[in-house]
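Q: Sending over a structure as structure tokens; questions will come in a sec.
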Amino acid sequence: MNSEDTALYRDITDFAHDTPNWVQHGAGIWTEAGLLVFAGLFAAAWWRARRGSPRAFAIAALAPLATAVAYVCSEVLKSVVAEERPCRAVAGAAASLAACPPHGDWSFPSNHATIAGAAAVSLALVRRALLCLTAPLALLMAFSRVFVGVHYPHDVLAGLALGTLVALVAVRLGRDPMTRLAGAMRTSPAPAVRWVPGPGPAPAPSYETGARR
């Protein structure tokens with residue numbers, strides 16, 4: 001652990017204690033509730049993609065799967081690095097606003113930041129315009145983990161980077177197989193199977209040209 005990162009952690013947690021109670025309370029809520037916001041965005045992207053092409057549906061379906069893979073990668077890396085939480089390891093730091101996780105719930109990288117980074121990028125792959133929404137949400141999620149005192153700054157930066165990388169790779173590798181699967185599901189004889197990917201895009205209207213008289 002370098003002294004600059006530890007000093008930045010102290011600065012941020014000291015700043016957190018100087019903020020109004022409603023800011024502290026809001027950060028405490030957002031650090032967990034933000035995950036539900038991303039889950040809602042996944043559901044909305046899936047619902048919208050049911051009227052899209054098989055490729056569009058494939059990317060929307062892969063978004064939460066890629067995020068889950070990123071989370072697993074984060075957990076594996078945590079167990080390898082085994083870094084103690086700053087709320088327990090940094091002497092003289094302000095008390096964390098959130099309950100300090102128990103020993104063995106390691107700090108590096110941040111699972112929340114990893115999930116946020118993967119969700120933000122995978123949703124942007126579904127629809128590029130969503131990046132204007134998901135990127136600020138992911139950054140706010142990452143910052144809130146340091147703000148409430150349970151992660152070092154480098155934990156959340158690593159989490160964002162890991163989530164971004166895993167999401168890009170997972171969607172790239174899974175896009176073509178999932179596109180074929182979506183096409184097959186839309187032609188399935190089982191109504192329940194067809195419902196999941198949806199009907200796809202509406203057929204283009206046909207215009208009959210009559211003979212001029």
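Q: What whole-number value in cubic angstrom gives the convex hull volume per residue for the C-alpha atoms of the range 83-158?
A: Convex hull volume per residue, Cα atoms: 78 Å³.
Q: Related question: What percent of all Cα-Cα pairs in the range 1-75 falls in each 5 Å bin, counting up from 0?
A: Spelled out bin by bin, the range 1-75 gives 3, 13, 13, 13, 13, 14, 12, 8, 7, 4, 0 percent.
Q: Per-residue ellipticity at 222 nm for the chain, helices alone: DSSP H runs ≥ 4 residues times -39500 (n - 2.57), over residue total, nearest 500 deg cm²/dmol?
A: After summing the helix terms and dividing by residue count, I get -24000 deg cm²/dmol.
Q: Next question, about the same structure. Cysteines of the chain lacking any other cysteine beta carbon under 4.7 Å?
A: Singleton cysteines: Cys73, Cys132.
Q: Once fully extended, how much extra length lies between Trp22 and Thr187, figured as 0.36 nm per residue of separation less the alpha-carbon to alpha-carbon distance?
A: Contour length minus Cα-Cα distance gives 54.2 nm.
Q: Relative to the present Cα-Cα distance, how much length would full extension add between Ala82 and Arg10 at 0.36 nm per residue of separation?
A: 23.8 nm
Q: Could you provide, to the nearest whole Å², the per residue accessible area of the range 75-213 with probe 1.4 Å? Kindly include the intermediate steps, with their values, before the conclusion.
A: Working: 7520 Å² over 139 residues.
Accessible area per residue: 54 Å².
Q: List the chymotrypsin sites (Phe, Trp or Tyr not before Pro) in the range 104-208 that DSSP assigns to loop (not H, G, I, E or B) and whose Cβ has at most 12 other Cβ atoms within 10 Å. Which are they?
A: Answer by residue number: Tyr207.
Q: Divide, for the range 25-139, the radius of gyration over alpha carbons by 2.2 N^0.38 Å, where N is the residue count.
A: 1.24
Q: Nothing charged except the Cβ atoms of Lys and Arg (+1) and of Asp and Glu (-1): what's the magnitude of the dipole of the range 1-129 about its Cα centre? Round to the nearest 20 debye.
A: On the way: 10 positive and 10 negative charges, 213 e Å.
Rounded to the nearest 20 debye, it is 1020 debye.
Q: With unit charges on the beta carbons (Lys and Arg positive, Asp and Glu negative) and the dipole taken about the Cα centre of the chain, which residue among Ser188, Cys100, Val146 sits farthest to the positive side?
A: Ser188
Q: Enter the angle in degrees (range 0 to 90, nearest 10) between the Cα long axis of helix 21-49 and the first principal axis of the Cα atoms of the chain, meaning the one along which they spread out most.
A: Between helix and principal axis, roughly 20 degrees.
Q: Treating only the Cβ atoms of Lys and Arg (+1) and Asp and Glu (-1) as charged, compute the dipole magnitude of the range 138-205 about its Cα centre; round to the nearest 20 debye.
A: Once rounded to the nearest 20, the dipole reads 260 debye.
Q: Tally up the carbon and sulfur contribution to the accessible surface of the range 34-86 as a whole percent, 1.4 Å probe, everything protein left in place.
A: In the range 34-86, the share of accessible area belonging to carbon and sulfur is 73 percent.
Q: Now for a different question. Please state the relative contact order of the range 73-213 as a whole percent: Cα pairs under 8 Å, 6+ residues apart?
A: Rounded, it is 24 percent for the range 73-213.
Q: Sticking with this structure for a sec: If DNA, RNA and ligands are ignored and the probe is 1.4 Å, what is the ranking of Arg175, Arg180 by accessible area, most exposed first? Write down the numbers at each step before the final one.
A: Numbers: Arg175 50, Arg180 160 Å².
Most to least solvent-accessible, the answer reads Arg180, Arg175.
Q: Related question: Summarise the long-distance tail of P(r) for the range 68-199 by giving the % of C-alpha pairs beyond 27 Å.
A: Numbers: 2952 of 8646 pairs.
More than 27 Å apart: 34 percent of the Cα pairs in the range 68-199.
Q: Can you give me the C-alpha center-to-center distance between the range 73-131 and the range 141-170, rounded to a whole angstrom?
A: Each part's Cα centre sits 5 Å from the other's.
Q: Find, among the trypsin sites (Lys or Arg not before Pro) in the range 28-95, those assigned to loop by DSSP (not H, G, I, E, B) with at most 14 other beta-carbon atoms within 10 angstrom.
A: In loop regions of the range 28-95 (DSSP not H, G, I, E or B), the sparsely surrounded trypsin sites (Lys or Arg not before Pro) are Arg51.
Q: Could I ask something else about it? With r as the distance between the Cβ atoms of Cys100 and Val169 and R0 = 25 Å, compute the FRET efficiency 1/(1 + (r/R0)^6) and round to 0.05.
A: It comes to 0.15.
The values are calculated or read from the model by the stated rules, or taken from the named source; none is laboratory data. Source: prediction; values computed, not measured. Cβ coordinates were reconstructed from backbone atoms using ideal geometry, including for glycine residues, and neighbour counts include every protein chain displayed. Quick note on the areas: whole protein, heavy atoms, side chains included, nothing else; ligands and nucleic acids left out. Shrake-Rupley method; radii C 1.70, N 1.55, O 1.52, S 1.80 Å.
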